Each structure stands twice: as C-alpha cells, then as structure tokens.
Amino acid sequence: MKRLKQLFYWKGMTKSVQNYIRRCTICQACKYDNSAYPGLLQPLPIPEEVWLDIFMDFIEGLPRSQRKEVILVLVDRFSKYAHFVALSHPYTAEIVAQAYLDNI
C-alpha cells in the first residue's frame, strides 16, 4: 500500500487493494515475512588475543595451478593478519582442519 500510495490515489483504494489480494491465488500463496524487525546492528566484540577470533572463507573457480584451484583465506580479526592456503578440489572438513593446523 505504501508504494501504491506514492504513485496513485482513488476513492476506496485500500478496500480495492484488499479485495484484489484476497482473490489473487498468487498473492495468497506468497506471503510476506511478518516477523519482528531485527533492530539495529550491533558491533562484534573486540578480540583480546591474536588468533582467538578468525574469519574463514574460500575462493573457488580459479584456474588450476600446481593441481590446486581453491584458496582458503584465514584472517585474524585482532591483528588483521591473513594466511592464504591453496587447496585442491574436492576437499573435506578434515582436509580444511589439517590445513588450518599446518598453517596457523
């Protein structure tokens, strides 16, 4: 209704829109999320030690180099120090954990 009111107005507009939505099968099947608004974002707590809080990500879809095509990125949130570890596809949680232990 808010977007519609910005562009158009006619007498009995709210009731017309409500009736249209009640009869529309697509509108009835696709409901909007009516959960509570999550509120303002809160900053993450500042870590107290180096390598206590890390960020991990994978960069995939790279061209193959020495049989490796994935980069595991490990970043310490406290010092902003990063490690880049080359992995080959497919990799498992065990391989990722071992790569972490070998490089950190």
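Please treat every number below as a calculation from the coordinates, not as lab data. In this text, all values refer to a predicted model and were calculated from it rather than measured experimentally. With ideal geometry, Cβ positions are generated from the backbone for all residues, glycine too; neighbour counts draw on all protein chains shown.
Regarding D76, is this residue of a type in the set (D, E, K, R) and touching a strand residue (DSSP E or B) at 6+ places or on another chain (Cβ under 7 Å)?
Yes; evaluated as a whole, the condition is true for this residue.
For segment 59-100, which residues satisfy the criterion of being surrounded by fewer than 13 Cβ atoms within 10 Å (Cβ to Cβ) and acidic (D, E)?
Selection gives E60, E94.
For segment 12-54, enumerate the residues that are exposed (fewer than 11 other Cβ atoms within 10 Å of the Cβ) and under 30 Å from V85 (Cβ atoms).
Result: P43, L44, P45, I46, E48, E49, L52.
Given the structure, is V70 touching a residue at least 24 places away in the same chain (Cβ under 8 Å) and either of a type in the set (V, I, T) or within 30 Å of Q18 (Cβ to Cβ) (or both)?
No, not satisfied.
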